[in-house]
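Heads up, the thing below is written out as structure tokens.
The values are calculated or read from the model by the stated rules, or taken from the named source; none is laboratory data. It should be emphasised that the depicted structure is a prediction, and the values quoted were computed from it without experimental measurement. Glycine also receives a Cβ, built like all others from the backbone with ideal geometry; neighbour counts cover every protein chain displayed. Just the protein is used for accessible areas: all its heavy atoms, side chains included, with ligands, DNA and RNA removed. Shrake-Rupley method; radii C 1.70, N 1.55, O 1.52, S 1.80 Å.
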Amino acid sequence: EEAEVEDPSRPKYLDDGTLDTPTVALTCATREALRMGDEVKKMLLAAGAVLRSDDEALKKETEAADDTVDRLHEAIKLYLTRLNNEELDAQESARCVEILSFTTNLEHIGDIIDKNLMELANKKIKHHTAFSSAGMAELETFHAQIVANLDLAMSVFASGDIPLARQLLRQKAQVREMERRYIENHYERVGAGRPDSITSSSLHLDVLRDLKRING
């Protein structure tokens, strides 16, 4: 018999049998939220590859992956709403809110990738636009920093580690500075009359903006 293809949008860790034990249920929801984070990370990595390679098939896969993220978000939300709030202590209530907030933000990242970055990739493919080599290198460095920050955010969410959380907050200022520097560099290339920088200008700036929104 053919092996059954696993549906990535189906929750793996949300066990209804644990709903009577809030501590265990919250652990299950945390594990599912981290799995949702992994799906978002795959989307983010794929988005970088699409912008680099103009891979139409990968673009469609990435857009479809947003449905998986949406369904996982919905499943986690419904699971947590079935917890009996009267049985939760203050710490458990706070964790419940943290999980809901974290997954809502992950879902928003999926939307930015699907509706914004993939739309920009579509324009790039359609109009045969190419970034300058220097511009592409900067976008790749910026993208890699955002991926690293997503990994760090997931570690903070899983561990509650305060020094790691402070490190993540410091990254926000660093990303802001990187964006400012890369915008200046881009305008310098435009000012120098680089044809590829001129034709890709609005696309380039929009990709930087959307990556910064994801970091936020």
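Some notes on this structure:
- Residue pairs meeting the criteria (Cβ under 9 Å; at least 6 apart or on separate chains; first farther than 15 Å from Ile146 by Cα and in contact (Cβ under 8 Å) with a residue 24 or more places away in the chain, in the stretch 173-186; second open to solvent by less than 40 Å² (accessible area, probe 1.4 Å) and among the charged types (D, E, K, R)): Asn185/Glu138; His186/Glu138
- Criterion violated by Ile198 - all others in (1) open to solvent by 70 Å² or more (accessible area, probe 1.4 Å); (2) touching a residue at least 60 places away in the same chain (Cβ under 8 Å) satisfied: (2)
- Evaluation of Thr18 against the conditions (1) buried (at least 18 other Cβ atoms within 10 Å of the Cβ); (2) among the polar types (S, T, N, Q); (3) under 30 Å from Lys115 (Cβ atoms) shows that the sole unmet condition is (3).
- Count of the stretch 132-151 residues which are open to solvent by less than 20 Å² (accessible area, probe 1.4 Å) and either in contact with a Cys (Cβ under 7 Å, 6 or more places away or on another chain) or not small (Gly, Ala, Ser) (or both): 6
- Qualifying residue in the stretch 86-93 (condition: touching a helix residue (DSSP H, G or I) at 6+ places or on another chain (Cβ under 6 Å) and buried (at least 18 other Cβ atoms within 10 Å of the Cβ)): no
- One residue stands out in the stretch 106-131 among those that are among the acidic types (Asp, Glu) and out of contact with any Ser or Thr (no Cβ under 9 Å at 6 or more places or on another chain): the one that is surrounded by the most Cβ atoms within 10 Å (Cβ to Cβ), namely Glu107.
- Test set (1) in contact with a Leu (Cβ under 7 Å, 6 or more places away or on another chain); (2) modelled with pLDDT under 95 - Glu179 fails condition number: (2)
- Scanning the stretch 165-189 for residues that are surrounded by 16 or more Cβ atoms within 10 Å (Cβ to Cβ) and over 21 Å from Ile109 (Cα atoms) gives Tyr182, His186, Arg189.
- Condition broken by Lys41, with the remaining ones in (1) closer than 20 Å to Pro8 by Cβ; (2) surrounded by fewer than 16 Cβ atoms within 10 Å (Cβ to Cβ) satisfied: (2)
- Selection within the stretch 68-85 - among the aliphatic types (A, V, I, L, M), assigned to a helix (DSSP H, G or I) and open to solvent by less than 80 Å² (accessible area, probe 1.4 Å): Val69, Leu72, Ala75, Ile76, Leu80
- Exactly one residue among Ala57, Ala29, Ala49, Ala25 is part of a helix (DSSP H, G or I), hydrophobic (A, V, I, L, M, F, W, C), open to solvent by less than 80 Å² (accessible area, probe 1.4 Å) and touching an Asp or Glu at 6+ places or on another chain (Cβ under 7 Å), and that residue is Ala49.
Each row is one residue, and each column tells you yes or no for (1) modelled with pLDDT under 95; (2) polar (S, T, N, Q); (3) closer than 21 Å to Leu120 by Cβ.
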| residue | (1), (2), (3) |
| --- | --- |
| Glu4 | yes, no, no |
| Ala29 | no, no, no |
| Val40 | no, no, yes |
| Glu63 | no, no, yes |
| Asp66 | no, no, yes |
| Arg71 | no, no, no |
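- Within the stretch 71-92, no residue that is under 12 Å from Asp16 (Cβ atoms) sits with its Cβ atom under 7 Å from a residue that is of a type in the set (Lys, Arg) and modelled with pLDDT of 95 or more at 6+ positions apart or across chains.
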